[in-house]
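The values are calculated or read from the model by the stated rules, or taken from the named source; none is laboratory data. Note that the structure is a prediction, hence the values are computed from the model and not measured. In this analysis, Cβ positions are derived from the backbone assuming ideal geometry, glycine residues included, and neighbour counts consider all displayed protein chains.
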(Lines give C-alpha, C1' and ligand atoms only; values in the text may rest on other atoms or scores of the structure.)
Protein backbone atom coordinates (compact mmCIF):
# COMPACT_ATOMS: atom_id res chain seq x y z
CA UNK A 1 0.00 0.00 0.00
CA UNK A 2 1.14 3.50 -0.72
CA UNK A 3 2.71 5.07 2.42
CA UNK A 4 0.09 7.82 2.50
CA UNK A 5 -2.64 5.20 2.79
CA UNK A 6 -1.88 4.30 6.41
CA UNK A 7 -4.33 6.80 7.83
CA UNK A 8 -7.30 6.45 5.48
CA UNK A 9 -10.51 4.49 5.73
CA UNK A 10 -9.69 1.35 3.73
CA UNK A 11 -12.76 -0.26 2.21
CA UNK A 12 -10.83 -2.77 0.17
CA UNK A 13 -13.31 -5.56 0.79
CA UNK A 14 -16.16 -3.44 -0.53
CA UNK A 15 -17.02 -2.67 -4.11
CA UNK A 16 -15.77 0.61 -5.49
CA UNK A 17 -12.51 2.45 -4.90
CA UNK A 18 -10.45 1.60 -1.86
CA UNK A 19 -7.45 3.71 -0.92
CA UNK A 20 -5.18 1.05 -2.38
CA UNK A 21 -7.04 0.47 -5.63
CA UNK A 22 -7.56 4.19 -6.11
CA UNK A 23 -3.83 4.89 -5.81
CA UNK A 24 -3.18 1.98 -8.13
CA UNK A 25 -5.52 3.45 -10.70
CA UNK A 26 -3.73 6.79 -10.51
CA UNK A 27 -0.13 5.62 -10.60
CA UNK A 28 -0.51 2.59 -12.87
CA UNK A 29 -1.78 4.71 -15.77
CA UNK A 30 1.48 5.22 -17.71
CA UNK A 31 2.57 1.57 -17.42
CA UNK A 32 -0.78 0.30 -18.56
CA UNK A 33 -0.83 2.82 -21.38
CA UNK A 34 2.60 1.65 -22.53
CA UNK A 35 1.44 -1.97 -22.50
CA UNK A 36 -1.67 -1.21 -24.51
CA UNK A 37 0.34 0.90 -26.95
CA UNK A 38 2.75 -1.99 -27.58
CA UNK A 39 -0.11 -4.30 -28.49
CA UNK A 40 -2.53 -2.13 -30.33
CA UNK A 41 -0.09 0.47 -31.68
CA UNK A 42 -1.76 2.93 -34.01
CA UNK A 43 -5.24 1.41 -33.72
CA UNK A 44 -5.42 2.41 -30.04
CA UNK A 45 -3.98 5.93 -30.21
CA UNK A 46 -7.28 7.58 -29.40
CA UNK A 47 -7.94 5.26 -26.47
CA UNK A 48 -4.43 5.73 -25.08
CA UNK A 49 -4.59 9.51 -25.22
CA UNK A 50 -7.97 9.50 -23.49
CA UNK A 51 -6.73 7.11 -20.80
CA UNK A 52 -3.61 9.18 -20.12
CA UNK A 53 -5.65 12.35 -19.97
CA UNK A 54 -8.02 10.81 -17.42
CA UNK A 55 -5.08 9.57 -15.34
CA UNK A 56 -3.50 13.02 -15.29
CA UNK A 57 -6.81 14.68 -14.37
CA UNK A 58 -7.37 12.29 -11.47
CA UNK A 59 -3.78 12.67 -10.24
CA UNK A 60 -3.89 16.46 -10.39
CA UNK A 61 -7.26 16.55 -8.62
CA UNK A 62 -5.99 14.28 -5.86
CA UNK A 63 -2.80 16.28 -5.35
CA UNK A 64 -4.74 19.55 -5.41
CA UNK A 65 -7.12 18.40 -2.72
CA UNK A 66 -4.25 16.98 -0.72
CA UNK A 67 -2.80 20.48 -0.55
CA UNK A 68 -5.79 21.50 1.52
CA UNK A 69 -5.05 19.23 4.47
CA UNK A 70 -7.32 16.28 3.80
CA UNK A 71 -8.00 14.42 6.98
CA UNK A 72 -6.97 10.80 7.23
CA UNK A 73 -8.36 9.28 10.43
CA UNK A 74 -6.32 6.27 11.47
CA UNK A 75 -8.39 3.25 12.39
CA UNK A 76 -5.74 1.35 14.31
CA UNK A 77 -5.93 -2.35 13.73
CA UNK A 78 -8.57 -1.94 11.04
CA UNK A 79 -6.56 -0.97 7.95
CA UNK A 80 -7.40 -3.45 5.23
CA UNK A 81 -10.61 -4.60 6.90
CA UNK A 82 -14.11 -3.96 5.68
CA UNK A 83 -16.25 -0.98 6.53
CA UNK A 84 -18.26 -3.19 8.88
CA UNK A 85 -15.12 -3.66 11.01
CA UNK A 86 -14.13 0.01 11.00
CA UNK A 87 -17.00 1.63 12.79
CA UNK A 88 -18.15 1.87 16.35
CA UNK A 89 -21.78 0.79 16.57
CA UNK A 90 -23.83 2.84 18.98
CA UNK A 91 -27.20 1.65 20.10
CA UNK A 92 -29.82 4.36 20.40
CA UNK A 93 -32.58 3.99 22.95
CA UNK A 94 -34.53 6.85 21.41
CA UNK A 95 -37.56 6.52 19.17
CA UNK A 96 -38.31 3.35 17.27
CA UNK A 97 -38.87 3.63 13.53
CA UNK A 98 -42.09 1.66 13.93
CA UNK A 99 -44.81 3.55 15.84
CA UNK A 100 -46.38 1.57 18.69
CA UNK A 101 -49.82 1.88 17.12
CA UNK A 102 -52.18 -1.05 17.16
CA UNK A 103 -52.51 -2.64 13.73
CA UNK A 104 -56.29 -2.67 14.03
CA UNK A 105 -58.57 0.32 14.44
CA UNK A 106 -59.76 0.66 18.01
CA UNK A 107 -61.66 3.21 20.01
CA UNK A 108 -59.16 5.85 21.09
CA UNK A 109 -59.67 7.78 24.31
CA UNK A 110 -61.71 10.52 22.64
CA UNK A 111 -64.42 8.02 21.79
CA UNK A 112 -63.80 8.18 18.05
CA UNK A 113 -62.64 5.37 15.80
CA UNK A 114 -58.89 5.50 15.35
CA UNK A 115 -55.61 3.74 16.10
CA UNK A 116 -54.69 3.03 19.71
CA UNK A 117 -51.19 3.00 21.14
CA UNK A 118 -49.46 0.27 23.11
CA UNK A 119 -48.45 2.51 26.01
CA UNK A 120 -50.33 2.37 29.29
CA UNK A 121 -52.09 5.45 30.61
CA UNK A 122 -50.36 4.90 33.95
CA UNK A 123 -46.92 5.15 32.34
CA UNK A 124 -47.89 8.26 30.37
CA UNK A 125 -49.22 9.93 33.52
CA UNK A 126 -46.03 9.02 35.36
CA UNK A 127 -43.91 10.79 32.72
CA UNK A 128 -46.23 13.81 32.70
CA UNK A 129 -45.83 14.08 36.48
CA UNK A 130 -42.05 13.94 36.11
CA UNK A 131 -42.19 16.71 33.51
CA UNK A 132 -44.35 18.85 35.79
CA UNK A 133 -41.84 18.48 38.60
CA UNK A 134 -38.93 19.52 36.37
CA UNK A 135 -40.88 22.45 34.93
CA UNK A 136 -41.77 23.67 38.40
CA UNK A 137 -38.11 24.51 38.97
CA UNK A 138 -36.91 27.94 37.95
CA UNK A 139 -34.07 26.82 35.70
CA UNK A 140 -32.20 23.90 34.22
CA UNK A 141 -29.02 22.88 36.14
CA UNK A 142 -25.89 24.79 35.26
CA UNK A 143 -22.61 23.26 34.17
CA UNK A 144 -21.77 22.26 37.72
CA UNK A 145 -24.50 19.61 37.97
CA UNK A 146 -24.10 17.30 35.00
CA UNK A 147 -25.70 14.36 36.81
CA UNK A 148 -28.98 16.24 37.24
CA UNK A 149 -28.82 17.38 33.63
CA UNK A 150 -28.51 13.75 32.58
CA UNK A 151 -31.54 12.79 34.66
CA UNK A 152 -33.60 15.57 33.08
CA UNK A 153 -32.43 14.61 29.59
CA UNK A 154 -33.52 10.99 30.15
CA UNK A 155 -36.95 12.15 31.29
CA UNK A 156 -37.19 14.32 28.18
CA UNK A 157 -36.21 11.34 26.01
CA UNK A 158 -39.01 9.20 27.46
CA UNK A 159 -41.53 12.01 27.05
CA UNK A 160 -40.38 12.67 23.48
CA UNK A 161 -40.80 9.00 22.63
CA UNK A 162 -44.35 8.94 24.01
CA UNK A 163 -45.38 12.21 22.35
CA UNK A 164 -43.95 11.08 19.02
CA UNK A 165 -46.10 7.94 19.22
CA UNK A 166 -49.17 9.99 20.12
CA UNK A 167 -48.65 12.23 17.10
CA UNK A 168 -47.85 9.43 14.65
CA UNK A 169 -50.83 7.40 15.82
CA UNK A 170 -53.07 10.50 15.62
CA UNK A 171 -54.08 9.94 19.22
CA UNK A 172 -56.27 12.97 19.89
CA UNK A 173 -57.00 13.13 23.59
CA UNK A 174 -56.67 15.16 26.75
CA UNK A 175 -53.65 13.01 27.59
CA UNK A 176 -51.87 14.11 24.45
CA UNK A 177 -52.67 17.76 25.23
CA UNK A 178 -51.25 17.47 28.75
CA UNK A 179 -48.12 15.72 27.48
CA UNK A 180 -47.64 18.33 24.76
CA UNK A 181 -47.96 21.20 27.21
CA UNK A 182 -45.38 19.84 29.65
CA UNK A 183 -42.97 18.58 26.97
CA UNK A 184 -42.92 21.93 25.16
CA UNK A 185 -42.26 23.75 28.43
CA UNK A 186 -39.21 21.60 29.07
CA UNK A 187 -38.04 21.94 25.47
CA UNK A 188 -38.11 25.71 25.79
CA UNK A 189 -35.82 25.52 28.82
CA UNK A 190 -33.54 22.68 27.79
CA UNK A 191 -33.27 23.09 24.00
CA UNK A 192 -34.49 26.61 23.18
CA UNK A 193 -32.89 26.85 19.73
CA UNK A 194 -35.21 24.23 18.25
CA UNK A 195 -38.27 26.48 18.73
CA UNK A 196 -36.79 29.98 18.57
CA UNK A 197 -36.67 29.96 14.79
CA UNK A 198 -39.60 30.55 12.43
CA UNK A 199 -39.75 27.02 11.01
CA UNK A 200 -40.57 24.69 13.90
CA UNK A 201 -42.58 24.83 17.12
CA UNK A 202 -41.18 21.61 18.55
CA UNK A 203 -38.53 18.96 18.01
CA UNK A 204 -41.22 16.52 16.89
CA UNK A 205 -42.41 18.98 14.23
CA UNK A 206 -38.81 19.37 13.06
CA UNK A 207 -38.51 15.60 12.82
CA UNK A 208 -41.79 15.12 10.96
CA UNK A 209 -40.90 17.79 8.41
CA UNK A 210 -37.49 16.27 7.64
CA UNK A 211 -37.26 14.18 4.50
CA UNK A 212 -34.92 11.76 2.77
CA UNK A 213 -31.17 11.27 2.97
CA UNK A 214 -28.37 13.73 2.40
CA UNK A 215 -24.91 15.03 3.22
CA UNK A 216 -24.37 17.96 5.59
CA UNK A 217 -21.21 20.07 5.83
CA UNK A 218 -20.48 23.16 7.90
CA UNK A 219 -18.15 25.82 6.59
CA UNK A 220 -17.37 29.50 6.67
CA UNK A 221 -15.47 31.62 4.18
CA UNK A 222 -12.11 30.34 5.45
CA UNK A 223 -12.73 26.74 4.37
CA UNK A 224 -15.19 27.28 1.53
CA UNK A 225 -12.57 26.34 -1.06
CA UNK A 226 -11.88 23.08 0.79
CA UNK A 227 -15.61 22.34 0.69
CA UNK A 228 -15.66 22.99 -3.06
CA UNK A 229 -12.90 20.45 -3.65
CA UNK A 230 -14.56 17.89 -1.38
CA UNK A 231 -17.87 18.23 -3.22
CA UNK A 232 -16.06 17.98 -6.56
CA UNK A 233 -14.53 14.68 -5.48
CA UNK A 234 -17.90 13.40 -4.24
CA UNK A 235 -19.35 14.13 -7.66
CA UNK A 236 -16.35 12.46 -9.30
CA UNK A 237 -16.99 9.14 -7.54
CA UNK A 238 -20.67 9.29 -8.50
CA UNK A 239 -22.37 10.62 -5.37
CA UNK A 240 -26.14 10.89 -5.83
CA UNK A 241 -27.03 12.38 -2.45
CA UNK A 242 -28.06 16.04 -2.14
CA UNK A 243 -25.66 18.22 -0.13
CA UNK A 244 -26.52 21.01 2.29
CA UNK A 245 -23.84 23.50 3.28
CA UNK A 246 -24.72 24.88 6.71
CA UNK A 247 -23.36 28.23 7.82
CA UNK A 248 -24.25 30.66 10.61
CA UNK A 249 -25.12 34.17 9.47
CA UNK A 250 -23.89 36.33 6.61
CA UNK A 251 -20.66 37.12 8.43
CA UNK A 252 -19.78 33.44 8.51
CA UNK A 253 -19.95 32.76 4.76
CA UNK A 254 -19.39 35.63 2.33
CA UNK A 255 -21.47 36.23 -0.78
CA UNK A 256 -18.61 35.30 -3.11
CA UNK A 257 -18.19 31.93 -1.41
CA UNK A 258 -21.94 31.35 -1.34
CA UNK A 259 -22.18 31.95 -5.07
CA UNK A 260 -19.32 29.54 -5.74
CA UNK A 261 -20.84 26.77 -3.62
CA UNK A 262 -24.37 27.09 -4.99
CA UNK A 263 -22.99 26.72 -8.51
CA UNK A 264 -22.03 23.13 -7.69
CA UNK A 265 -24.31 20.21 -8.53
CA UNK A 266 -26.87 19.17 -5.86
CA UNK A 267 -25.70 21.82 -3.37
CA UNK A 268 -28.05 23.95 -1.25
CA UNK A 269 -27.05 26.54 1.35
CA UNK A 270 -28.79 26.74 4.74
CA UNK A 271 -28.35 29.58 7.23
CA UNK A 272 -28.85 27.86 10.57
CA UNK A 273 -29.03 31.19 12.39
CA UNK A 274 -32.32 31.85 10.60
CA UNK A 275 -33.62 28.28 10.79
CA UNK A 276 -32.93 27.88 14.52
CA UNK A 277 -33.32 31.51 15.54
CA UNK A 278 -29.85 31.71 17.07
CA UNK A 279 -29.08 35.05 18.69
CA UNK A 280 -25.34 34.58 18.40
CA UNK A 281 -23.28 32.47 16.03
CA UNK A 282 -20.26 30.43 16.97
CA UNK A 283 -17.63 29.50 14.42
CA UNK A 284 -16.22 26.28 15.78
CA UNK A 285 -16.94 22.59 16.28
CA UNK A 286 -20.06 23.37 18.27
CA UNK A 287 -21.91 24.24 15.05
CA UNK A 288 -21.81 20.66 13.78
CA UNK A 289 -24.63 19.07 15.82
CA UNK A 290 -26.73 22.22 15.34
CA UNK A 291 -26.22 21.78 11.59
CA UNK A 292 -27.87 18.36 11.82
CA UNK A 293 -30.94 19.99 13.37
CA UNK A 294 -30.98 22.77 10.78
CA UNK A 295 -30.75 20.37 7.84
CA UNK A 296 -33.87 19.26 6.00
CA UNK A 297 -32.77 15.61 5.83
CA UNK A 298 -34.16 12.86 8.03
CA UNK A 299 -31.06 10.68 7.58
CA UNK A 300 -27.85 12.67 7.68
CA UNK A 301 -24.20 12.06 6.84
CA UNK A 302 -22.44 14.85 8.72
CA UNK A 303 -18.95 15.23 7.26
CA UNK A 304 -16.06 17.63 7.61
CA UNK A 305 -15.09 19.60 4.53
CA UNK A 306 -11.67 17.92 4.56
CA UNK A 307 -13.01 14.35 4.73
CA UNK A 308 -12.54 12.27 1.59
CA UNK A 309 -14.63 9.33 0.40
CA UNK A 310 -13.29 6.62 -1.90
CA UNK A 311 -16.67 5.04 -2.56
CA UNK A 312 -20.28 6.20 -2.60
CA UNK A 313 -21.31 7.77 0.73
CA UNK A 314 -24.64 5.93 0.48
CA UNK A 315 -22.72 2.81 1.50
CA UNK A 316 -22.85 4.04 5.09
CA UNK A 317 -26.64 3.80 5.17
CA UNK A 318 -26.44 0.13 4.17
CA UNK A 319 -24.17 -1.02 7.00
CA UNK A 320 -25.70 -3.52 9.38
CA UNK A 321 -25.07 -1.45 12.51
CA UNK A 322 -26.67 1.69 11.05
CA UNK A 323 -29.76 -0.24 10.02
CA UNK A 324 -30.03 -1.69 13.52
CA UNK A 325 -29.32 1.46 15.52
CA UNK A 326 -29.81 4.60 13.44
CA UNK A 327 -26.30 5.85 14.25
CA UNK A 328 -22.81 5.19 12.89
CA UNK A 329 -19.44 6.51 14.11
CA UNK A 330 -15.78 5.94 13.33
CA UNK A 331 -12.97 5.62 15.83
CA UNK A 332 -10.61 8.55 16.20
CA UNK A 333 -6.86 8.32 15.86
CA UNK A 334 -5.14 6.66 18.79
CA UNK A 335 -3.26 9.01 21.09
CA UNK A 336 -1.66 7.79 24.28
CA UNK A 337 -3.85 8.16 27.34
CA UNK A 338 -3.10 11.56 28.84
CA UNK A 339 -1.78 13.13 25.60
CA UNK A 340 -2.15 16.92 25.75
CA UNK A 341 -3.58 16.44 29.22
CA UNK A 342 -6.69 14.68 27.90
CA UNK A 343 -7.93 11.41 29.32
CA UNK A 344 -7.79 11.38 33.13
CA UNK A 345 -10.21 14.28 33.60
CA UNK A 346 -12.62 12.75 31.10
CA UNK A 347 -12.61 9.32 32.75
CA UNK A 348 -13.32 10.95 36.11
CA UNK A 349 -16.27 12.84 34.62
CA UNK A 350 -17.68 9.76 32.89
CA UNK A 351 -17.27 7.61 36.00
CA UNK A 352 -19.42 10.11 37.87
CA UNK A 353 -22.08 10.38 35.17
CA UNK A 354 -22.20 6.70 34.24
CA UNK A 355 -22.28 5.17 37.73
CA UNK A 356 -25.76 3.64 37.19
CA UNK A 357 -24.82 2.35 33.72
CA UNK A 358 -21.47 0.62 34.21
CA UNK A 359 -22.79 -2.58 32.68
CA UNK A 360 -23.55 -0.64 29.51
CA UNK A 361 -21.99 -2.19 26.41
CA UNK A 362 -20.57 1.11 25.17
CA UNK A 363 -19.12 2.00 28.56
CA UNK A 364 -17.35 -1.37 28.77
CA UNK A 365 -15.85 -1.11 25.29
CA UNK A 366 -14.71 2.51 25.55
CA UNK A 367 -11.05 2.99 24.66
CA UNK A 368 -10.89 6.07 26.87
CA UNK A 369 -12.27 4.22 29.88
CA UNK A 370 -9.82 1.38 29.21
CA UNK A 371 -7.04 4.02 29.10
CA UNK A 372 -6.00 2.84 25.65
CA UNK A 373 -6.42 6.27 24.07
CA UNK A 374 -7.17 9.84 25.08
CA UNK A 375 -9.81 10.10 22.32
CA UNK A 376 -12.79 7.91 21.56
CA UNK A 377 -14.21 8.66 18.13
CA UNK A 378 -13.78 10.91 15.14
CA UNK A 379 -16.40 13.53 14.33
CA UNK A 380 -15.17 13.88 10.74
CA UNK A 381 -17.92 11.53 9.52
CA UNK A 382 -21.03 10.87 11.62
CA UNK A 383 -24.26 9.27 10.39
CA UNK A 384 -27.57 9.82 12.14
CA UNK A 385 -31.19 8.87 11.60
CA UNK A 386 -33.15 11.67 13.27
CA UNK A 387 -36.16 9.41 13.69
CA UNK A 388 -34.28 7.24 16.16
CA UNK A 389 -31.76 9.73 17.54
CA UNK A 390 -33.47 13.11 17.96
CA UNK A 391 -33.19 13.33 21.79
CA UNK A 392 -29.51 12.35 21.55
CA UNK A 393 -28.89 15.01 18.89
CA UNK A 394 -30.59 17.65 21.02
CA UNK A 395 -28.51 16.78 24.09
CA UNK A 396 -25.32 16.84 22.01
CA UNK A 397 -26.25 20.36 20.89
CA UNK A 398 -26.87 21.40 24.50
CA UNK A 399 -23.51 20.09 25.70
CA UNK A 400 -21.84 22.01 22.88
CA UNK A 401 -23.46 25.20 24.19
CA UNK A 402 -22.93 27.29 27.28
CA UNK A 403 -22.86 26.72 30.21
CA UNK A 404 -21.86 23.08 29.61
CA UNK A 405 -19.38 23.56 26.78
CA UNK A 406 -16.53 24.92 28.90
CA UNK A 407 -16.59 21.93 31.24
CA UNK A 408 -16.81 19.36 28.44
CA UNK A 409 -14.11 20.96 26.30
CA UNK A 410 -11.77 21.15 29.30
CA UNK A 411 -11.96 17.36 29.62
CA UNK A 412 -11.65 16.32 26.00
CA UNK A 413 -10.42 17.57 22.64
CA UNK A 414 -13.51 19.25 21.26
CA UNK A 415 -16.89 17.59 20.91
CA UNK A 416 -15.86 14.18 19.54
CA UNK A 417 -16.92 12.07 22.53
CA UNK A 418 -20.30 13.79 22.87
CA UNK A 419 -21.76 12.09 19.80
CA UNK A 420 -21.22 8.63 21.22
CA UNK A 421 -21.99 9.43 24.85
CA UNK A 422 -25.39 10.97 24.15
CA UNK A 423 -26.66 8.40 21.69
CA UNK A 424 -26.82 5.72 24.33
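Couple of notes before you dig in:
- Comparison of 181, 172 shows that the only residue that is touching a residue at least 24 places away in the same chain (Cβ under 8 Å) and more than 21 Å from residue 309 (Cβ to Cβ) is 172.
- Residues that are surrounded by fewer than 22 Cβ atoms within 10 Å (Cβ to Cβ) and within 17 Å of residue 399 (Cβ to Cβ) within segment 252-285 comprise 278, 282, 284, 285, listed in sequence order.
- Residue list for segment 369-384, restricted to those being farther than 30 Å from residue 214 by Cβ, modelled with pLDDT of 70 or more and touching a helix residue (DSSP H, G or I) at 6+ places or on another chain (Cβ under 8 Å): 371
- Number of the exception - residue 225 against (1) under 30 Å from residue 317 (Cβ atoms); (2) crowded, with 17+ Cβ neighbours inside 10 Å: (2)
- When residues in segment 271-312 are screened for being within 22 Å of residue 326 (Cα to Cα) and under 13 Å from the mean Cα position of the chain (by Cα), 18 of them pass.
- Condition check for residue 293 on (1) surrounded by 15 or more Cβ atoms within 10 Å (Cβ to Cβ); (2) at pLDDT below 85: one failure, at (2).
- So residue 204, is it under 16 Å from residue 390 (Cβ atoms), touching a strand residue (DSSP E or B) at 6+ places or on another chain (Cβ under 6 Å) and either crowded, with 20+ Cβ neighbours inside 10 Å or modelled with pLDDT under 95 (or both): no
One line per residue, one yes/no per condition, for (1) in the same structural domain as residue 289 (by TED's automatic domain parsing); (2) surrounded by fewer than 21 Cβ atoms within 10 Å (Cβ to Cβ); (3) out of contact with any strand residue (DSSP E or B) (no Cβ under 7 Å at 6 or more places or on another chain); (4) closer than 18 Å to residue 392 by Cβ:
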{"residue": "133", "(1), (2), (3), (4)": "no, yes, yes, no"}
{"residue": "141", "(1), (2), (3), (4)": "no, yes, yes, no"}
{"residue": "163", "(1), (2), (3), (4)": "no, no, yes, yes"}
{"residue": "175", "(1), (2), (3), (4)": "no, yes, yes, no"}
{"residue": "179", "(1), (2), (3), (4)": "no, no, yes, no"}
{"residue": "183", "(1), (2), (3), (4)": "no, no, yes, yes"}
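- Of all residues in segment 297-319, those that are closer than 19 Å to residue 211 by Cβ and in the same structural domain as residue 383 (by TED's automatic domain parsing) have Cβ atoms under 7 Å from Cβ atoms of residues that are modelled with pLDDT under 90 and crowded, with 22+ Cβ neighbours inside 10 Å, 6 or more apart or on another chain, in 302/288.
- Hits in segment 145-160 - residues which are touching a helix residue (DSSP H, G or I) at 6+ places or on another chain (Cβ under 8 Å) and either modelled with pLDDT of 90 or more or assigned to a loop (DSSP other than H, G, I, E, B) (or both): 152, 153, 155, 156, 157, 158, 159, 160
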